[in-house]
Amino acid sequence: MVSQEPSIVPEHSLDRDCTTLSRHVLQQLQSFSPDAQDLSAIMNRIALAAKLIARRLSRAGLVAGALGFTGEVNVQGESVKKMDVYANDVFISVFKQSGLVCRLASEEMDDPYYIPENCPIGRYTLLYDPIDGSSNVDINLNVGSIFSIRQQEGEDLDGKAQDLLQDGHKQIAAGYVLYGPATVLVYSIGRGVHSFILDPSLGEFILSQENIRIPERGPVYSTNEGNFWQWDEAIRDYTRYVHRHEGYTARYSGALVGDFHRILLQGGVFLYPGTMKKPEGKLRLLYETAPLAFLMEQAGGGLVRGRKTSWTPFPIASMPVPP
Ligand code: P6P
């Protein structure tokens, strides 16, 4: 005889443990159409990539040759870390033979990577920064991966994927993975921002927060003040303001994903103003600012782009602007 009393739900309700990323995407879409299934499957592959990268990061210090530089310089002019290459290859591997994604565009690759067996079928393109903040890898500080999913427009006959330079609002989905004390995956398909935590005992990302909204007010300002003397006067004035007034606190990790995640949850502002070396600012539009701006808008925040050649500050919650 089964008791009518509700069973004593163990610490984790069964339903919660079953709200995996792929199920959540289908719930968000309220559909089991082929397109919905494809998007769910793509997110699942991204989750697999995140698990593989998280596993590598957790062991990197013990694996010969996992850390350090390759001696190469990437298309961004940055010295390449071995972890950058590994993570980039992980994303390529998880999408092969998937029938889902025809093209991969990575911050680490000069040109788009085509997966021919997927191309007639999959009309999606994955844009990604495989390891964001790789300067933190060798010192075991947080790093991230950033991703964006776009629909291919046109036939891409020249193989340069020029159609990727579409308006950021055309992104179908965007998100990031934060490799920290826990591995957290945050994503949006345009229906709110949701976070998942990797449960190593299950090997699954389990839903942790739904419909995240950036706090109306937040104390954090996040920027590399080492560049202060290279900034526009307006940015210097802002910095002097927060130095001289109560209620602000500086937090900057050198890895955008971690700084962004803090602001998403606690409120505040991230800025990467233009410098002498990088008057356009350093953050990459397709692989960093567009996906994160998509998320921030979904979370009720905003993105301010300064004068075209000066700075591209980041999502601003209701941080008071200096008079
Ligand atoms: P800086 C990492 O290379 C990155 O693109 C972001 O993750 C990070 O916010 C920024 O660069 C750090 O740049 O010049 O302060 O070291």
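Every read-out reported here was derived from the displayed coordinates using simple, explicitly stated rules and does not represent laboratory data. Everything quoted here is computed from the prediction, not taken from an experiment. Don't worry about glycine lacking a Cβ; one is built from the backbone with ideal geometry, like all the others, and counts go over all protein chains shown.
Projecting the Cα atoms of 267, 298, 157 onto the charge dipole of the chain (Cβ charges, centred on the Cα centre) puts 267 farthest toward the positive pole. Between amide H atoms placed 1.01 Å from N, distances below 5 Å from residue 206 occur with 197, 198, 199, all of them 5 or more places distant or on a separate chain.
For the chain, a Gaussian network of Cα nodes joined below 10 Å ranks 161, 173, 105 by mean-square fluctuation, and the top entry is 161.
The magnitude of the dipole of segment 101-140, with charges of +1 and -1 set on the Cβ of Lys/Arg and Asp/Glu and taken from the Cα centre, is near 320 debye.
First check a/c for segment 235-274, with a ≥ b ≥ c the square roots of the eigenvalues of its C-alpha gyration tensor; if it is under 1.5, answer rounded, and if not, answer prolate when a/b is larger than b/c or oblate otherwise.
Working: a/c = 2.48, a/b = 1.43, b/c = 1.73.
Taking the square roots of the gyration eigenvalues as a ≥ b ≥ c, segment 235-274 is oblate.
Report summary: the helix-based calculation at 222 nm, which adds -39500 (n - 2.57) for every DSSP H run with n ≥ 4 and divides by the residues of the chain, gives -8500 deg cm²/dmol. Across segment 224-239, computed HN-Hα scalar couplings (Karplus, 6.51 cos²θ - 1.76 cosθ + 1.60, θ = phi - 60°) run 8, 5, x, 9, 3, 6, 9, 7, 4, 4, 4, 6, 4, 4, 4, 5 Hz from first to last residue, x flagging Gly and Pro. A simple charge model with +1 on the Cβ of Lys and Arg, -1 on the Cβ of Asp and Glu and nothing else charged puts the dipole of segment 168-222 at about 280 debye relative to its Cα centre.
Projecting the Cα positions of 94, 144, 80 onto the charge dipole of segment 50-154 (unit charges on Cβ atoms of Lys, Arg, Asp and Glu, taken about the Cα centre) puts 94 furthest along the positive direction. A simple rule links phi to the HN-Hα coupling: the Karplus curve 6.51 cos²θ - 1.76 cosθ + 1.60 with θ = phi - 60°, which for segment 213-222 gives 10, 5, x, 4, 10, x, x, 8, 10, 10 Hz, with x for Gly and Pro.
Each label was represented as a point 7 Å from its Cα along the Cα-to-Cβ direction; for residue 151 and residue 72 these points are 3.4 nm apart. In order along segment 280-289, the Karplus-derived 3J(HN,Hα) couplings, from 6.51 cos²θ - 1.76 cosθ + 1.60 at θ = phi - 60°, round to 7, x, 9, 5, 8, 4, 5, 9, 10, 6 Hz, and Gly and Pro are given as x. Here the convex hull built on the C-alpha positions of the chain has a volume of 174 cubic angstrom per residue. Mean sequence separation of contacting Cα pairs (under 8 Å, at least six apart), scaled by the length of the chain, corresponds to a relative contact order of 13 percent. According to the square roots a ≥ b ≥ c of the eigenvalues of the Cα gyration tensor, what is the shape class of segment 1-157, taking rounded for a/c under 1.5, prolate for a/b larger than b/c otherwise, and oblate for the remainder? It is oblate, given that a/c is not under 1.5 and a/b is not larger than b/c. Going by neighbour counts of Cβ atoms within 10 Å, the residues 57, 52, 14 line up, fewest first, as 14, 52, 57. A straight line joining the Cα centroids of segment 31-59 and segment 228-299 runs 29 Å. Under 10 Å, Cα contacts only: if you run a Gaussian network model on the chain, which one of 106, 98, 31 comes out with the highest mean-square fluctuation? Result for the chain, Cα springs under 10 Å: 31 fluctuates most. Counting only Cβ charges, +1 for Lys and Arg and -1 for Asp and Glu, the dipole size of the chain around its Cα centre is about 560 debye. Spin-label model, residue 172 to residue 224: label points 7 Å out along the Cα-to-beta-carbon direction sit 3.4 nm apart. Determine the shape class of segment 126-257: with a ≥ b ≥ c the square roots of the Cα gyration tensor eigenvalues, call it rounded for a/c under 1.5, and otherwise prolate if a/b is greater than b/c, oblate otherwise. Oblate, since a/c reaches 1.5 and b/c is not below a/b.
Total lysine pairs in the chain at Cα distances under 26 Å, for residues eight or more apart or on different chains: 23. Close amide H pairs (under 5 Å, H built 1.01 Å from N) link residue 152 with 124, 125, residues at least 5 positions away or on another chain.
Please report, to one decimal in angstroms, the Kirkwood hydrodynamic radius of segment 174-315 built from all distinct Cα-Cα pairs. Write out the running numbers ahead of the final one.
Working: mean 1/r = 0.0630 Å⁻¹.
For segment 174-315, inverting the mean 1/r across all distinct Cα pairs yields 15.9 Å.
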